[in-house]
Structures are given as C-alpha cells and as structure tokens.
Amino acid sequence: MNNIRNFCIIAHVDHGKSTLADRFLDITGTIEKRKMQEQFLDLMPLEREKGITIKMQPVRMQYGGYTLNLIDTPGHVDFSYEVSRSLAAVEGAILLVDATKGVQAQTLANLRLAQKQNLMVIPAVNKIDLQSARTEEVVYQIAKLCGVSSEEVFRISAKEGKNVKELLEAVIRKVPPPKEETEKPLRALIFDSRYDPFRGVVAYVRVMEGRVTAQEKVWLLGGNTQTLVKEVGHFIPAEKQMAELRAGEIGYISTGFKEPENIRIGDTIAKDFHLEQALPGFLIPKPVVFVSFYPEDTDEYDVLKDALSKLRLNDPSLSFELESKEALGRGFRCGFLGVLHSEIIAERLKREFQIDLVISRPSVEFRITDQKGKERIIQSAGDWPEQNFVQEAFEPWAKLRVLCPVEFLHRAVQLLESLEGHGVETTSLTETTMVLVYEMPLREIIINLHDRLKSVTSGFASLEYEVIGMRKAALVKLDILVAEEKREELSQIVPEDKAIYEGKRIVEKLKEHLPPQMFTVALQAVLGGKIIARETIKAKRRDVTAPLYGGDVTRKKKLLERQRKGKKE
Ligand code: GTP
C-alpha cells in the first residue's frame, strides 16, 4: 500500500494537462515510444480533433518501485462534474497553470474542489519555454492562492519535459499513500463506467477497502442487485486484466450487466448487502440547458433511445425524456450542464452511433404559475401557454465569477451589465487581476457569453458559474412566422422589454440566411397575436432572356410576357 500513489491533474482549459500526462507516460515507459502520440490520454477521436479533454481518463504507471495511478481530467466548465468525480478517487492533485495566461476561473474552481476533498495539492506553472511566459509573476499568483512559498511551486515545460521528472518525484514524496485496509470486506466506489458491446457494463472503480477478483459475487448497494464479476483489471490506459484489485487501487470491474440502468455512478460495489455501508457517492448535478434531439429518420427513435442510455453510463449528468412534435415525430428533450456539453453529445451520437439528428435551440428551464395557481415547468418555447394563462414566470439565475486583468475591467463590466448582470462583489486576486462576482439570468450566459467575454478582453478573461435558483421575471413568448406560417422551432422566450429588439434581430437574421423563393416571403415576429417586426425576402428574379443572343426584340418581349403570366399564376 505504501508504494501506491493516486493523483490527478487539474487545470483551466488548455493549460497543458494532457501534454503533462504524455510526459509522465514517457518517463515511466508506460507507452512504447513508437506508439506515443500527442495528448495520448485523449482517447476519443472527438477529443483529439477538438483539442479538448471531455472525459477523465485513468492510467496506471510504474516508476522507481511505485505504482502511480493518474487521472487526466477535462478543463472546461461544462465538464467540472468529471473533475469532482476524479478527485474522489485520489489523494493528491497537480494544479497546473499556464505561464502565459496565469490563474484563470477554472484554476480557482478546481483548487476549491480539491481543497474541499482535503487533497494534497502540488502547484506547477507550465509552458515556461514560451517567449511570452510570465513565469515568476504566475508563480507568485499561484503560491499565494495555495498558501505555499514560491520555491514550492514547480516551473515546468510539459512540452519539452523540463522539470517534469522532478514534479513526478514530488508526487511520490508529497501525496500520501492510500490509507485503506485490504483485510476488510470489499467496498469500491464507482466513479465512472462505460458500455462494452461484448462484455456489457464496465465499472471504473476506486477500491476503498478489501479486494475483488473475477468470479466473485458482489452487490451494488444503491441498485440492490447482485452480480458475478466477470473480470477485473487496470488501465494502461487500455484495460488490462489482472488477478485481483486491492484496496487503494484504481481499476475496472466488468460486471456482465447488459442493461445500462443497472449501474449508477457514485454507487458502491460491496461484498455483502448492508445499505449503511454505502460510500458517500456524488451529488448528480442538475441539468441547466435543454435541447431537443429528434432522429432525422423517424424510424430511428429506438436506436436514439438506446444510444442515449449508453452515453449516460459514463455521463450521469445527461438526462433525457420523451417528447413528440407533429412535424418531427418522436424524440427526446435532453438536459445538459452547458451548451458545449450538448454539442459534444450530439456529435458523439452522430459519430459513435451514426444517428443524424434534428437539434433544437438550447434553452433554459422556466417555471410558470397559471391563473389557477398551478405550477408548470417549461423546457421549450413550444410548451409556453397563451400569454393570458401565465400569471407569474420564473427563470434560473446564476452566480458568475469572472477573472479579468485590470486593463480590461471596464469592458468586461460593460458587457456584463448590458446582459442584465448585477454586480455583487469586485475583489483583487493579485495586483493585476480582478475577480468580478455577478448575478445574471442563466439564459444570457448560455448564449455565447464565454466567447463574447473573450473577445472584449482580448482572450484574457475567463469565467465560471453556478446556478443559484429561480427568480421572478417578466417573460413573453415570441413567435416567428415564415410565409405566414408559425414555425414553432423558431419561437423563443424573451424578457418583455427586449421582445421588440429580439423580434427585429431574428427576422433580420432570417432574411440574411434564408434562400429567396420564386415568390415573396414575409418574415414576421409576433407577440401576443400582434406583429412587432417584419422583413421581406424579395422574390427571386430569373433572367429569362439570358439564353438569347441578339435576335429580334419581339422574341424577348414574348419571353418576358410568358414569365409575367407564370408568376401571376
Ligand atoms: P483540456 O483538456 O482541453 O483542458 O486541455 P489540456 O489542459 O489537456 O491542454 P493540452 O495538453 O491539450 O495542451 C494545450 C496546448 O498547449 C497544446 O497545443 C499543447 O501542445 C500546448 N502545451 C502544453 N504544454 C506546453 C508547454 O509546456 N509548452 C508549450 N510551448 N506548449 C505547451
């Protein structure tokens, strides 16, 4: 047990976690040189293409007589649930900060999560090889945050490997070995899982107590089900079969379950069935962004349902329920932790399950009370009742933490205030960086706030947020008519005082994007039966005389006359 270290790497997006993991894999000789490729632990093709980590990935390494279990985590705010689960499986964390960017919002958020779990945090400043690196300034920032001296912060280049060996040795020195006892009966925490078409559900576990071998009967405490363990093993990072998994180790248990519903992340696998033995598990975060997925081919409804259940296996924050629309058939209203999360799931459905989807606009969840005082949850504008049925409406608000260099503070504040944000607090993190705390409707955050903030601050500001509850709002439903026909999929819920502006904006945008027809197309925004904005797409004009080369003028007239008649018809 004394020779095991379990740790993960946490950081803001793109600060170099996966690259540092690559160097660890090199140094420990875990991956053969010829098989090595950049960001090796980003195993999904989608992760490699987008250059971001979406899923945590465990890997076991051997170094100097020690077994090191590393979990690489994602950095984007939408995937922070992955980070919190990884943290529950380890005793230490390397907190990585980019020397050119400094401490960012997710650095702070992840540090807080690690401290909550009482983990040993080892701070390191990465990318010191870059010309634009502000190494000592960033070292000072992170040392202050972690409450350590500047000498204790590692200065590394994950790309060139500088000081990476020293950092790995510090992990062995500083991160405590697991405390658990092997002699107790088995208790293992499921922190992730995946579906294997041949072997069924594979649970990723951290064994807290006892040991587990194949052909052993175990209980899933939460689900009250028993199963025979098919196989146990480690990650190298592919799954490798072993004779047993012992307390303190991270590995997998192949359960043989064919139904994804049988395994719940956060559940405990135990030898005997005693509910009180269950480990604390995780709070599943509530989805905040809702998007409808319909299969393009309506016969693929069951395939989509199956695919969503399988994806939920290693992403418990994904929720979905049946929804049907006249024009689109049967589909699912899905709940996500953010817009990027929804885009990634849509992309995975397309790539991993070959399902082409019709996807609605992302929306938050509203709550209304009708005239009789009855509450209703509204997840899509299509479900919003006639305005006179709505007595009160509520929408989710979020608390936003923005880290911003002093020189861009003014622009960041301007942007936040223009989006109905209320400033709560402004504090300074260091001499050059401020922390702005704002409260604003979640609706504004999910529409590209991140990109807009980046663009007004030349890419320097970063943000993170959490939903803080529902607040009363004056909301109305804006309908859009295209050629006098209501298009439910374009309807939106908007604040009453922004309805006219929004209506104008939408019809103008539609005019830019819709192709002209042979006849005039009216685009109208309608509020409570009244038209509040209108644009017209002019009819396409075909030059019917184009094929003529000179010739008699009467031939040209004849063609124009025929076109006139046709249009009238
Ligand atoms: P997410 O998982 O998406 O949060 O990203 P990440 O933190 O895993 O970052 P990743 O390892 O993908 O690195 C992001 C970019 O920084 C890549 O282009 C790396 O090549 C580059 N990078 C990482 N470390 C270094 C370094 O030490 N020096 C330089 N010059 N570039 C680095």
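The values are calculated or read from the model by the stated rules, or taken from the named source; none is laboratory data. Since the model is a prediction, treat every value here as computed from it, not as a measurement. Every residue, glycine among them, receives a Cβ derived from its backbone with ideal geometry; neighbour counts consider all protein chains shown.
Couple of notes before you dig in:
- Filtered residues of segment 418-462 (kept if of a type in the set (Asp, Glu) and assigned to a strand (DSSP E or B)): 425, 439
- Every residue from segment 463-483 that is under 16 Å from residue 508 (Cα atoms) and outside any strand (DSSP E or B): 483
- Selection count where residues are part of a loop (DSSP other than H, G, I, E, B) and within 16 Å of the chain's Cα centre (by Cα), scope segment 270-290: 5
- Picking from residues in segment 160-203 that are without any contact (Cβ under 8 Å) to a residue 60 or more places away in the chain and among the aliphatic types (A, V, I, L, M), the one that is farthest from residue 306 (Cα to Cα) is 170.
- Residue tally, condition in a strand (DSSP E or B), among the acidic types (Asp, Glu) and within 18 Å of residue 6 (Cα to Cα), over segment 170-213: 2
- Test set (1) part of a loop (DSSP other than H, G, I, E, B); (2) on the phi < 0 side of the Ramachandran plot; (3) surrounded by fewer than 18 Cβ atoms within 10 Å (Cβ to Cβ); (4) away from the ligand (no atom under 16 Å from the Cβ) - residue 129 fails condition number: (4)
- Criterion violated by residue 507 - all others in (1) buried (at least 18 other Cβ atoms within 10 Å of the Cβ); (2) of a type in the set (Val, Ile, Thr); (3) assigned to a strand (DSSP E or B) satisfied: (3)
- Some residue of segment 399-415 being within 18 Å of residue 286 (Cβ to Cβ) and within 24 Å of the chain's Cα centre (by Cα): yes
- Matching residues in segment 159-172 - criterion: being farther than 19 Å from residue 87 by Cα and away from the ligand (no atom under 15 Å from the Cβ): 169
- Residues located in segment 392-413, provided they are crowded, with 16+ Cβ neighbours inside 10 Å and in a helix (DSSP H, G or I): 408, 409, 411, 412, 413
- Where helices (runs of 4 or more DSSP H) fall entirely within segment 1-92, those with at least 1 residues that are modelled with pLDDT of 75 or more and either surrounded by fewer than 24 Cβ atoms within 10 Å (Cβ to Cβ) or within 16 Å of the ligand (Cβ to nearest atom) (or both) are at 17-27, 80-87.
- One residue stands out among those in segment 117-126 that are surrounded by 19 or more Cβ atoms within 10 Å (Cβ to Cβ) and away from the ligand (no atom under 14 Å from the Cβ): the one that is nearest to residue 14 (Cα to Cα), which is 123.
- Per-region count, segment 414-432, residues buried (at least 16 other Cβ atoms within 10 Å of the Cβ) and modelled with pLDDT under 85: 2
- Among the conditions (1) surrounded by fewer than 19 Cβ atoms within 10 Å (Cβ to Cβ); (2) at pLDDT 90 or above; (3) under 27 Å from residue 319 (Cα atoms); (4) touching an Asp or Glu at 6+ places or on another chain (Cβ under 7 Å), the only one that residue 358 does not satisfy is (2).
- Within segment 140-158, being in contact (Cβ under 8 Å) with a residue 24 or more places away in the chain and either within 16 Å of the ligand (Cβ to nearest atom) or under 17 Å from residue 10 (Cα atoms) (or both) holds for 141, 142, 145, 146, 153, 154, 155, 156, 157, 158.
- Flag if residue 180 is away from the ligand (no atom under 16 Å from the Cβ) and either surrounded by fewer than 23 Cβ atoms within 10 Å (Cβ to Cβ) or modelled with pLDDT under 95 (or both): yes
- The condition (being within 26 Å of residue 387 (Cβ to Cβ), crowded, with 18+ Cβ neighbours inside 10 Å and modelled with pLDDT under 90) is satisfied by just one residue among 488, 464, 484, 444: 444.
- Conditions (1) more than 22 Å from residue 339 (Cβ to Cβ); (2) touching a Gly at 6+ places or on another chain (Cβ under 8 Å); (3) crowded, with 21+ Cβ neighbours inside 10 Å; number of the one not met by residue 282: (3)
- Residue selected from segment 244-264 under the condition surrounded by fewer than 23 Cβ atoms within 10 Å (Cβ to Cβ) and not charged (D, E, K, R), by the criterion farthest from residue 218 (Cα to Cα): 260
- For segment 217-241, the set of residues classified as under 31 Å from the mean Cα position of the chain (by Cα) and either among the aliphatic types (A, V, I, L, M) or not in a strand (DSSP E or B) (or both) consists of 220, 221, 222, 223, 224, 232, 236, 237, 238, listed by residue number.
- Evaluated against (1) over 25 Å from residue 132 (Cα atoms); (2) modelled with pLDDT under 85, residue 119 falls short on exactly one condition, (2).
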